[in-house]
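Encoded as structure tokens, the structure appears first; notes follow it.
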Amino acid sequence: MAADNAAAATESGTAAPGTRGRAAILAGRTALGIEFGSTRIKACLVDADDPATVLAVGVHDWENEFVDRMWTYSLDAVWSGLQAAYADLLADADRRHSAAPRTFAAIGVSAMMHGYLAFDADGELLVPFRTWRNTTTGAASAELSELFGVNIPLRWSIAHLHQAVLDGEPHVARLRSITTLAGYVHERLTGRRVLGVGDASGMFPIDAATGTYDATLAARYDALAATRAELPALVELLPEVVAAGGAAGELTAEGAALLDPTGSLQAGIPLCPPEGDAGTGMVATNSVAPRTGNVSAGTSIFAMVVLERPLERVHHELDLVTTPAGDPVAMVHCNNGASELSAWAALFGRFAEAAGAPVAADAVFETLFGEALTGEADAGGLLAYNYLAGEPITGLAEGRPLVVRTPDSRLTLGNFMRAQLYGVFGTLALGMRVLDGEGVGLDRMFAHGGMFRTAGVAQRFLAGALDAPVSVAETASEGGAWGIAVLAAYLEAAREGMTLDAYLHRRVFGGFVFETAEPHPDDVAGFAAYLDRYRDGLGAERSAVDSIALKGAQ
């Protein structure tokens, strides 16, 4: 759901007055956040003394590729995309403030969590980057979950590593380090092989007492791996873990040249620990304290709920990860989010263009979302499955997007669009029902992501799906890049001893206005009826996967 840069700037916080913004840029009192999302690489510049104030933004669109039945991005695309987003940010700063930054108070890097970037002793990539979206690790996930006594989802880095071991992949013998996308970019910029604790918690389980990888479980894995392959100790393969506010390195001359090939950017800038998109989403929604939660909707959709106490049982629908400060979090992660919704919007936009009445992309979404409000509470009997990829929560290794209805369903545009929006939340709601069964307390649920830009629609339907109030703040559509910029700005306050939660409340969100949607009884009942059909209809989705082969599949 692309927006032009000016719109993105104002959506990511409060636009800065030109004079103050120019002074902050020229004085180097700014924090730069960079996030590698699934479809966009975003750069966000904030006032380091007032991180709610966004000074400039930059955007570069990119897409994953399906190569040899693996979802991946090339490393060349990582660097060309980063440079393009940074150059776009510089141009925006010049347009808005007539100033070009040459240094920053701090920099932060965030990216999609999980996945597998494997390197040899010389730092050479051994196999193409395997992203979180791949669901080929079922055997490894099952074996590790049993070994550890905790749920190890298919997308976690340790599952990817162990699957490579199980499959006897030749590269395993040369393996000397693994990391995530954020960890890789951070290491190239600083020379430090570190990872924020939130991102690290999606590689391997974290011990809450030590704030780093669980040593007991790591020893179990080393013993298991030794029966099948020759590997360094797991703790040698994994990056060092650093909590929010901790020292994570400085921008080297080589790193500065990678980020800004023009040579204008100075070295020596401190970087905060690199984080995953789940952690930056928690920061961007001020939901890092117990009994708070957030939903992030993009190519994937996931909910994070900060826990007061450990869960009583292991659930395959739930990950146990952490906030950027290291507090325990239950995560409901769904591989499929708003991509199929966006594809339908593009189709309707093309229809308007072909009919001689072209409509801007944002207006297409506004029109379609508005029409969804006219639909019946249960979407008129329609079902929409947004499964472009496999979905572990529902046990599907691959996906086939479907729209399904019975002959007596009411096929209207309003019902169709409500079904599409409900479909984005369908699998998430199944996972959240599991949390409800654990009696997890939740005072506030926040939402962010591009689909929440159209005021009052997706937010209202999510409130109905969760049967809980859902709040959206000014950061809703560009939260991740802004969130990592805030974590970068937090470095200075952390040195003064301020906790992350206190920093967010006192320095960042004090002036923010949250729009809150209360669950409407009709929406709650309608979505519940939809979800019952959604659960019952999963057999049709499984049959589609079994009977319709992917192009090029053997």
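Mind checking whether some residue in the stretch 286-305 is more than 16 Å from Leu487 (Cβ to Cβ), without any contact (Cβ under 8 Å) to a residue 60 or more places away in the chain, hydroxyl-bearing (Ser, Thr, Tyr) and not in a strand (DSSP E or B)?
Taking every residue of the stretch 286-305 in turn, none turns out to be more than 16 Å from Leu487 (Cβ to Cβ), without any contact (Cβ under 8 Å) to a residue 60 or more places away in the chain, hydroxyl-bearing (Ser, Thr, Tyr) and not in a strand (DSSP E or B).
Quickly run through the stretch 25-50 and pick out the residues that are outside any strand (DSSP E or B) and closer than 20 Å to Tyr503 by Cα.
Arg29, Ala48, Asp49, listed by residue number.
For the stretch 64-106, name all the residues that are in contact with a helix residue (DSSP H, G or I) (Cβ under 8 Å, 6 or more places away or on another chain) and basic (Lys, Arg).
If the condition is that a residue be in contact with a helix residue (DSSP H, G or I) (Cβ under 8 Å, 6 or more places away or on another chain) and basic (Lys, Arg), then Arg96 is the only one that fits.
Within the stretch 98-123, how many residues are open to solvent by 10 Å² or more (accessible area, probe 1.4 Å) and not in a loop (DSSP other than H, G, I, E, B)?
The total comes to 1.
Of all residues in the stretch 153-177, which are open to solvent by 50 Å² or more (accessible area, probe 1.4 Å) and over 27 Å from Leu396 (Cα atoms)?
Residues satisfying the conditions are Pro170, Ala173, Arg174, Arg176.
All but one of (1) among the charged types (D, E, K, R); (2) at pLDDT 95 or above; (3) crowded, with 16+ Cβ neighbours inside 10 Å hold for Asp61; state the number of the condition that does not hold.
It fails just one condition, (3).
Where residues in the stretch 376-390 are touching a Leu at 6+ places or on another chain (Cβ under 8 Å) and in a loop (DSSP other than H, G, I, E, B), which of them is surrounded by the fewest Cβ atoms within 10 Å (Cβ to Cβ)?
My answer is Gly390.
Can you confirm whether Asp199 is charged (D, E, K, R), at negative phi and over 21 Å from the mean Cα position of the chain (by Cα)? Let's see the steps before the verdict.
On the way: charged (D, E, K, R): yes; at negative phi: yes; over 21 Å from the mean Cα position of the chain (by Cα): no.
Spelling it out, it is not the case that Asp199 is charged (D, E, K, R), at negative phi and over 21 Å from the mean Cα position of the chain (by Cα).
Determine, yes or no, whether Gly423 is in contact (Cβ under 8 Å) with a residue 60 or more places away in the chain, crowded, with 23+ Cβ neighbours inside 10 Å, small (Gly, Ala, Ser) and part of a helix (DSSP H, G or I).
Values: in contact (Cβ under 8 Å) with a residue 60 or more places away in the chain: yes; crowded, with 23+ Cβ neighbours inside 10 Å: yes; small (Gly, Ala, Ser): yes; part of a helix (DSSP H, G or I): yes.
The answer is yes for Gly423.
Under the condition of being open to solvent by 40 Å² or more (accessible area, probe 1.4 Å) and of a type in the set (A, V, I, L, M, F, W, C), which residue from the stretch 479-527 is modelled with the highest pLDDT?
Only one residue fits best here, namely Ala525.
Give me the pairs: first residue in the stretch 242-264 and open to solvent by 60 Å² or more (accessible area, probe 1.4 Å), second residue part of a loop (DSSP other than H, G, I, E, B) and modelled with pLDDT of 95 or more, beta-carbon distance under 6 Å, and six or more apart or on different chains, which are they?
The qualifying pairs are Glu250/Gly268; Ala253/Ala267.
Can you find, within the stretch 210-228, the residue that is nearest to Gly196 (Cα to Cα) among those that are open to solvent by less than 30 Å² (accessible area, probe 1.4 Å) and without any contact (Cβ under 8 Å) to a residue 40 or more places away in the chain?
Tyr213
For Arg95, only one of the following conditions fails: (1) out of contact with any His (no Cβ under 9 Å at 6 or more places or on another chain); (2) within 19 Å of His186 (Cβ to Cβ); (3) not acidic (Asp, Glu). What is its number?
Here Arg95 clears every test but (2).
What are the pairs, 6+ residues apart or on separate chains, where a residue within the stretch 340-365 that is of a type in the set (Gly, Ala, Ser) and at pLDDT 95 or above has its Cβ under 7 Å from a residue that is open to solvent by 40 Å² or more (accessible area, probe 1.4 Å) and part of a helix (DSSP H, G or I)?
Gly349/Ala361
Which one of the conditions (1) over 30 Å from Ile484 (Cβ atoms); (2) surrounded by fewer than 22 Cβ atoms within 10 Å (Cβ to Cβ); (3) of a type in the set (A, V, I, L, M); (4) modelled with pLDDT under 95 does Leu320 fail to meet, given that it meets all the rest?
(1)
Would you mind stating whether Arg533 is touching a helix residue (DSSP H, G or I) at 6+ places or on another chain (Cβ under 7 Å), assigned to a helix (DSSP H, G or I), open to solvent by 40 Å² or more (accessible area, probe 1.4 Å) and at pLDDT 95 or above? Give the steps one after another, and end with the answer.
Numbers: touching a helix residue (DSSP H, G or I) at 6+ places or on another chain (Cβ under 7 Å): no; assigned to a helix (DSSP H, G or I): yes; open to solvent by 40 Å² or more (accessible area, probe 1.4 Å): yes; at pLDDT 95 or above: yes.
For Arg533, the condition - touching a helix residue (DSSP H, G or I) at 6+ places or on another chain (Cβ under 7 Å), assigned to a helix (DSSP H, G or I), open to solvent by 40 Å² or more (accessible area, probe 1.4 Å) and at pLDDT 95 or above - is not met.
Quick one: in the stretch 131-152, which of the residues that are open to solvent by 50 Å² or more (accessible area, probe 1.4 Å) and touching a Lys or Arg at 6+ places or on another chain (Cβ under 8 Å) is nearest to Thr299 (Cα to Cα)?
The selected residue is Thr136.
The values are calculated or read from the model by the stated rules, or taken from the named source; none is laboratory data. As the structure is a prediction and not an experimental result, all values here were calculated from the model. Methodologically, a virtual Cβ is constructed for each residue, glycine included, from the backbone with ideal geometry; neighbour enumeration extends over all protein chains shown. For the accessible areas, the whole protein counts, side chains as well, though only heavy atoms, and no ligand, DNA or RNA atoms are used. Shrake-Rupley method; radii C 1.70, N 1.55, O 1.52, S 1.80 Å.
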